[in-house]
Amino acid sequence: MADILIDRVAKSFGAARALAEVSLQVADGEFVALLGPSGCGKTTLLRIVAGLETASGGRVVIGGRDVGALPPRARGIAMVFQNYAVFPHMTVADNIGFGLRMQKRPVEEVARQVGRAAEMLRISHLLDRWPARLSGGQRQRVAVARALAVQPAVLLMDEPLSNLDALLRLEMRADLKAVLREAGTTTLYVTHDQTEAMGLADRIAVMHGGVIEQIGAPGAIYARPATRFVGGFLGSPPMNFLLCSASGGRAAIGDFALAAPQDGAVMLGLRAEDAVPVGAAEGIPFDVRVVEPMGAHLLLTGAVGDQPLRAIAPPDAAIAPGARIGLRPDPARLSWFDPETGRRLEAA
Amino acid sequence: MNPAMTPVRRLLFWTLVAVLLLWVLLPIWLVAMGAFGGRAAVFQWPKSLLPASLSFDHMAAFLAVEGVANAFLNSVIAAAVTVVLSVALGAPAGYALARYAFRGADAFKLLVLLTRAFPLAILALPLAVGFIRIGLYDSPFGVALMHTVLALPFAVLVTQSLFMGIPRELEEAAWVFGCSPVQAFFRVVMPLALPGLAATAIFAFVISWNEVFAASVLTVRERTLTAYLLAVLSESPLHTRFAGGLLLILPSVLFVFAVRKWLFTVWGISGR
């Protein structure tokens, strides 16, 4: 077990800047997700921690030891790769035991650990198989078992579920969470899927353009995004943004007014589930263009004035496309952003 | 074979197999007949497909001819050295080209190919002079060096695409789980590359075994089998030529058989 300290780590590929002085601390036993769109630098950061990439600046400290000059094998880490990277010329058992055999552990110990890891991932019946005969989900389990078998101080995962189909991903996600909780391993987990990050992580670091935009518990960054980007990236449907102008501490949207943190141009961040559909006479005036029944709720797509917006309504609500309804927002759950900088505005 | 094949498809399948087998085996069989079938059979027409009499006399006589055994040995040495050098030099170059982006990689590839742009005569004659100076002339090792030059471009390019086909993540996984780069290569990359390396070895072997011009120019007494046969056979009786021909064919076939295990290694699909 160990903590990870990422201290002002920077990385440039020639003239292109991939990471700009990123700092992040992961506590012992904590699960932190690096979340961001492709090209945001999250995989680069993970590979620098793994030692598969060299940083242009800054340092990485694992368990109190600066690992900057150490090769991957000396860092006390294990890694799960996006394409599994299960060795095709070894059986499942040999794959899982690979790290232990490289450490020259006694044969009985290797066998015991392999058995334990396989049991945790529920692949004990596959130990004699060759990877070519496994499904994607099974290979993924082998890759995770191989990583856990060495009982690493730090576990690094690079989009481990992105190659699985949706149903399998859901199942594997729950299994992964249970297994990692049991193992108590410090984990750094890269993903572009916000539901994965929300569901798995103790804390999420949202990355964008080579910087960490916000670090926090999933609930906290969901409810109080620090930037417009974070608000738009987390949640499904994404947060709505309405540009409006405020004077005298009140922002006007159509005929509706809300308490705003500052005067002038402000941007309201409103999540679909944070506004209740009401009659056309009250609330924010919303012209519904499309109604999509999602089962648990109706997804409404339309516009406020000329600004697009998505809202949700109870599944039995009688709302027809083309109708104008009102949306009554929950004042406690609103976010305000500076339209220029995209930063969050706190109420005065 | 797929058990679900219809009878018609099965017939077609086996017909094709038979035609291909005949295409390859019939000439070898006829040469063998000429070598072992006795003097009369060589001149018999139409040929019978079964030997009228089996006789090892020609082959024994041929092998007893002075120089044949030595030439055979020289050929084996030259081919073996060529195989080892081509793979040992070609695979690292291919690996470097596949894994690292470095200045001059394209120029390097072009240079490697350029060695094949020169006619063999232009390479072999100055080499003969050079080899005489440094004492490599008239030895199978000198011939092997020449053959390595011929085989190396293919070895480099084939192994490059071979290594490019092995995901980098497999190597990275090996590094993460305790391997040094060298260990990762021998434990993960090399086993996966074996089929391609076997093919590269076969190619180098065949190039060396069949090459006759450079071998003729670079040797006088220590001829390789091809060079020796070229010089001797035109003055030999027909059945001796067949014996020589068979001796030329067999080692290639045996070598391919020896490495075919690695040529078709697919883990977990065909087993090992």
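Among A:138-146, B:180-188, what's the highest-first ranking by average C-beta atoms within 10 angstrom per residue? Spell out each step's value before the answer.
Working: A:138-146: 26.6, B:180-188: 16.2.
Highest to lowest by the protection proxy: A:138-146, B:180-188.
On the principal axes of its alpha carbon atoms, segment B:144-270 extends 65, 32, 19 Å, with the longest extent given first. The mean sequence distance of close C-alpha pairs (under 8 Å, at least 6 residues apart), as a share of the length of chain A, puts its relative contact order at 16 percent.
Using a 1.4 Å probe and counting only protein heavy atoms, how much accessible surface gets buried when A and B come together, both sides summed, in Å² to the nearest 100?
Numbers: alone 16000 and 16010 Å², together 29940 Å².
That pair hides around 2100 Å² of surface in total.
Measure off, as a whole percent, the carbon and sulfur share of the 1.4 Å-probe accessible area of chain A, all protein chains present. Before the final figure, lay out the partial values.
Values: 7720 of 14970 Å².
Here it works out to 52 percent.
Using the Cβ-Cβ distance between A:S56 and B:F186 with R0 = 35 Å, the FRET efficiency computed as 1/(1 + (r/R0)^6) comes to roughly 0.65.
Averaged over the residues of peptide A:76-85, the number of Cβ atoms from other protein chains lying within 10 Å of each residue's Cβ is 4. Shown is the FRET efficiency for A:Q103 and A:R65, computed with R0 = 25 Å from the Cβ-Cβ distance and rounded to the nearest 0.05: 0.90. Quick note on chain A: its Rg to Rh ratio, both from C-alpha atoms and Rh being the Kirkwood radius, is 1.06. The separation of segment A:40-93 from segment A:204-269, counted between C-alpha centres, amounts to 35 Å. So for segment A:4-231: antiparallel DSSP bridges make up what percent, rounded to the nearest 5? Beta bridges within segment A:4-231, antiparallel portion: roughly 55 percent.
Model label points for B:S53 and B:A105, set 7 angstrom from Cα along the Cα-to-Cβ axis, are 6.6 nm apart. Each other residue within a Cβ distance under 12 Å of A:L100 adds +1 if Lys or Arg and -1 if Asp or Glu, for a net charge of +3.
Solvent-accessible surface of the protein assembly as shown, averaged per residue with a 1.4 angstrom probe and all protein chains in place: 48 square angstrom.
Using unit Cβ charges (K, R positive; D, E negative) and no other charged atoms, how large, in debye to the nearest 20, is the dipole of the protein assembly as shown about its Cα centre? Kindly include the intermediate steps, with their values, before the conclusion.
Details: 53 positive and 45 negative charges, 334 e Å.
I would put it at about 1600 debye.
Within a 10 angstrom radius of each residue's Cβ in B:176-187, how many Cβ atoms of other chains show up on average? Whole number is fine. The mean count of partner-chain Cβ atoms within 10 Å per residue comes to 6. Measuring heavy-atom accessible area with a 1.4 angstrom probe and counting protein chains only, the residues of segment A:140-168 that give up at least 20 Å² relative to the chain alone are A:R146.
With 10 Å bins beginning at zero, the pair-distance distribution over Cα atoms of segment A:237-345 amounts to 15, 49, 28, 8, 0 %. Shielding by partners for peptide A:86-99, expressed as the average number of C-beta atoms from other protein chains within 10 Å of each residue's C-beta, is 4. The ellipsoid that matches the Cα gyration tensor of the protein assembly as shown has semi-axes, each √(5λ) in whole angstrom, of 70, 28, 25, with the longest given first.
Mean Kyte-Doolittle of at least 0.5 plus a Cα span of 24 Å or more along the axis: flag which DSSP H helices in chain B meet both, please.
Working: long enough: B:7-36 (40 Å, 1.89); B:68-99 (45 Å, 1.51); B:140-164 (34 Å, 1.64); B:190-210 (29 Å, 1.50); B:238-263 (38 Å, 1.34).
Span-like helices, by this rule, are B:7-36, B:68-99, B:140-164, B:190-210, B:238-263.
Percent of accessible area on segment B:62-263 owned by carbon and sulfur, 1.4 Å probe?
Details: 6980 of 9510 Å².
Carbon-and-sulfur percentage of accessible area, whole number: 73.
Can you list the equivalent-ellipsoid semi-axes of segment B:62-263, largest first and in whole Å, using the square root of 5 times each Cα gyration tensor eigenvalue? Walk me through the numbers on the way to the answer.
Numbers: eigenvalues 262, 82, 32 Å².
Calculated on Cα positions only, the semi-axes equal 36, 20, 13 Å.
Pull up the DSSP beta bridges for the protein assembly as shown and report the antiparallel fraction as a percent, rounded to 5.
Values: 62 of 80 bridges.
Among the beta bridges of the protein assembly as shown, antiparallel pairing accounts for roughly 80 percent.
For the pair B:L194 and B:V65 in one chain, pulling the backbone fully straight at 0.36 nm per residue adds 42.5 nm over the alpha carbon distance.
Averaging the Cα positions of each part gives two centres, and for segment B:14-37 and segment B:99-135 these lie 38 Å apart.
The values are calculated or read from the model by the stated rules, or taken from the named source; none is laboratory data. From a predicted model like this one, the values you see are computed outputs, not experimental measurements. Every residue, glycine as well, gets a Cβ built from its backbone with ideal geometry; the counts of neighbours run over all protein chains shown. In case anyone asks, the SASA skips ligands and DNA or RNA and just uses the protein heavy atoms, side chains included. Shrake-Rupley method; radii C 1.70, N 1.55, O 1.52, S 1.80 Å.
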